[in-house]
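All remarks here apply to the structure that follows.
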Amino acid sequence: MANNQPLQTDLPEHIGIIMDGNGRWAKKRGLPRNYGHREGAKTFRKIVEYCSKIGLHYLTVYAFSTENWKRPKDEIDSIMELLEQYIDDAFAHRNKDDNVRTKFIGDMSALSPVLQEKIARIEKVGEGKQGLLVNVALNYGGRNEIVHAVKQLGEKIKSGEISPDQIDEQSIGNHLYTVGQPDPDLIIRPSGEERLSNFLIWQAAYSEFVFMDVLWPDFTSDHLDQAIYTFRQRNRRFGGV
Ligand code: IPE
Ligand code: IPE
Ligand code: MG
């Protein structure tokens, strides 16, 4: 973008992306939806690379929601397969210059044992790295995440570790999957839809939203620059004046 300032300065700390529009991308071309997911996975790799290059600290991408199990089994299988491939490739190409850490957020217990094992391995490899942290939201739902946190707090009350009046915003935040991370400053949703679809509903309390009319497989680093540029024009007040 010609009117953009250099991206390295004044970057948001944490960007969330709802990777939407794969199915429509495929449909427009008369292809099965799975082709859209395959192209979407390529976009995901490119955007991770770009975010790492510009020095972003946190990126959270929505890969599969708790509601996406409603889809046909073959579509779900192909999405899970693409995630396995992503992890395998990340392993194959890892080298000491690659400072990207990958973390998966969501309820992993519903995933296949093979995928769970790959996730555990890739997360382990990232330990101690200082670069971009990529959270892949997989079988993730914001409501499910809050329920999970409340259950853990309930257990702590039951065991006498804490009392009910010790529950506050911070203690709830400390039991979310994103514990220790800043809230997303900017949430981008391509595909033309303008909703959160259960993405980071607690953490998005003061996020800026940028909705874009591009399908995820067509999303490029220029679109990301454009969203960051739009974010910079916003006046964040956090309830103040
Ligand atoms: C996003 O693309 C990927 C997932 C939800 C897994 P979609 O598959 O939702 O694409 P559209 O919205 O049908 O175009
Ligand atoms: C949200 O997209 C989930 C992901 C992108 C992974 P959906 O396509 O599932 O959302 P809705 O159904 O349009 O709200
Ligand atoms: Mg969709």
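The values are calculated or read from the model by the stated rules, or taken from the named source; none is laboratory data. Quantities reported herein were computed from a predicted structural model and do not represent experimental measurements. Here the Cβ positions follow ideal geometry from the backbone for every residue, glycine too, while neighbour counts run over all protein chains shown.
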For this session: Select from region 202-241 the residues that are out of contact with any strand residue (DSSP E or B) (no Cβ under 9 Å at 6 or more places or on another chain), among the basic types (Lys, Arg) and within 19 Å of PRO190 (Cα to Cα) and list them in ascending order.
Result: ARG232
For this session: Return a yes/no flag: does region 96-108 have any residue that is within 18 Å of PHE199 (Cβ to Cβ), without any contact (Cβ under 8 Å) to a residue 60 or more places away in the chain and part of a helix (DSSP H, G or I).
Result: yes
Seminar exercise, completed: Going through region 211-241 in order, the residues found to be closer than 29 Å to VAL147 by Cβ, surrounded by fewer than 21 Cβ atoms within 10 Å (Cβ to Cβ) and either under 16 Å from the mean Cα position of the chain (by Cα) or of a type in the set (Gly, Ala, Ser) (or both) are PHE211, GLY239
Exercise. For region 210-226, how many residues meet the condition of being within 29 Å of GLU169 (Cβ to Cβ) and within 14 Å of ligand 2 (Cβ to nearest atom)?
Worked result: 1
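Check region 88-95 and report whether any residue there is crowded, with 16+ Cβ neighbours inside 10 Å and under 21 Å from VAL214 (Cβ atoms). So that I can check it myself, show each step before the final result.
To start, the set of residues in region 88-95 that are crowded, with 16+ Cβ neighbours inside 10 Å comprises 90.
From what is left, the residues that are under 21 Å from VAL214 (Cβ atoms) are none.
The answer is no; no qualifying residue exists.
Residues being β-branched (Val, Ile, Thr) and either surrounded by 17 or more Cβ atoms within 10 Å (Cβ to Cβ) or on the phi > 0 side of the Ramachandran plot (or both): count how many of those fall in region 189-210.
As a first pass, look at region 189-210 and keep what is β-branched (Val, Ile, Thr): 201, 210.
Still in the list and also either surrounded by 17 or more Cβ atoms within 10 Å (Cβ to Cβ) or on the phi > 0 side of the Ramachandran plot (or both): 210.
Within region 189-210, residues that are β-branched (Val, Ile, Thr) and either surrounded by 17 or more Cβ atoms within 10 Å (Cβ to Cβ) or on the phi > 0 side of the Ramachandran plot (or both) number 1.
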For this session: Kindly provide the set of residues from region 40-65 that are touching a residue at least 40 places away in the same chain (Cβ under 8 Å) and surrounded by fewer than 19 Cβ atoms within 10 Å (Cβ to Cβ), ordered by number.
Result: LYS42, ARG45, LYS46, TYR50, SER52, ILE54, GLY55, HIS57
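Count, please, the residues in region 102-120 that happen to be closer than 16 Å to ALA63 by Cβ and under 19 Å from the mean Cα position of the chain (by Cα).
So the first thing to find is which residues in region 102-120 are closer than 16 Å to ALA63 by Cβ, and the list is 102-108, 110-112, 115-116, 118-119.
Imposing the further condition that a residue be under 19 Å from the mean Cα position of the chain (by Cα) reduces the set to 102-108, 110-111, 115-116, 118-119.
Residues that pass the stated criteria total 13.
Among the residues of region 69-79, how many are under 15 Å from ALA137 (Cβ atoms) and either of a type in the set (Ser, Thr, Tyr) or crowded, with 18+ Cβ neighbours inside 10 Å (or both)?
Narrowing region 69-79 to residues under 15 Å from ALA137 (Cβ atoms): 69, 79.
Filter again for either of a type in the set (Ser, Thr, Tyr) or crowded, with 18+ Cβ neighbours inside 10 Å (or both), leaving 79.
The qualifying residues number 1.
I'd like the residue in region 16-39 that is of a type in the set (A, V, I, L, M, F, W, C) and within 15 Å of ligand 2 (Cβ to nearest atom) and, out of all such residues, is surrounded by the fewest Cβ atoms within 10 Å (Cβ to Cβ). Reasoning before the result, please.
The first filter runs over region 16-39 and keeps only residues of a type in the set (A, V, I, L, M, F, W, C), leaving 17-19, 25-26, 31.
Cutting the leftovers down to within 15 Å of ligand 2 (Cβ to nearest atom) gives us 17-19, 25-26.
Details: ILE17: 27, ILE18: 26, MET19: 24, TRP25: 23, ALA26: 21.
Among those that are of a type in the set (A, V, I, L, M, F, W, C) and within 15 Å of ligand 2 (Cβ to nearest atom), it is ALA26.
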Exercise. Only one of these conditions is not met by ILE187: (1) away from ligand 2 (no atom under 15 Å from the Cβ); (2) within 21 Å of LEU133 (Cα to Cα); (3) in contact with a Leu (Cβ under 9 Å, 6 or more places away or on another chain). Which number is it?
Worked result: (1)
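Filter region 197-236 down to the residues that are hydrophobic (A, V, I, L, M, F, W, C) and within 13 Å of ligand 1 (Cβ to nearest atom) and list them by number. Break it down stepwise before answering.
The first filter runs over region 197-236 and keeps only residues hydrophobic (A, V, I, L, M, F, W, C), leaving 199-202, 204-205, 209-212, 214-216, 219, 224, 227-228, 231.
Result: PHE199, VAL214, LEU215, TRP216, PHE219.
Which count do you get for residues in region 49-82 that are hydrophobic (A, V, I, L, M, F, W, C), away from ligand 3 (no atom under 16 Å from the Cβ) and closer than 23 Å to GLN181 by Cα? Steps first, please.
Quick first cut of region 49-82, residues hydrophobic (A, V, I, L, M, F, W, C) only: 51, 54, 56, 59, 61, 63-64, 69, 76, 79-80, 82.
The next check asks that each one be away from ligand 3 (no atom under 16 Å from the Cβ); those that pass are 51, 54, 56, 59, 80.
From the residues that got through so far, the ones that are closer than 23 Å to GLN181 by Cα too are 51, 54, 56, 59.
Matching residues across region 49-82 total 4.
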Exercise. Which ones in region 114-153 are within 16 Å of ligand 1 (Cβ to nearest atom) and in a helix (DSSP H, G or I)?
Worked result: LEU115, GLY142, ASN144
Problem set entry | Filter pass, GLY192 being modelled with pLDDT of 95 or more, more than 30 Å from ARG71 (Cβ to Cβ) and in a loop (DSSP other than H, G, I, E, B) | no
Seminar exercise, completed: GLY36: passes all of (1) modelled with pLDDT of 95 or more; (2) away from ligand 3 (no atom under 13 Å from the Cβ); (3) farther than 26 Å from GLN203 by Cβ; (4) under 19 Å from the mean Cα position of the chain (by Cα) but (2)
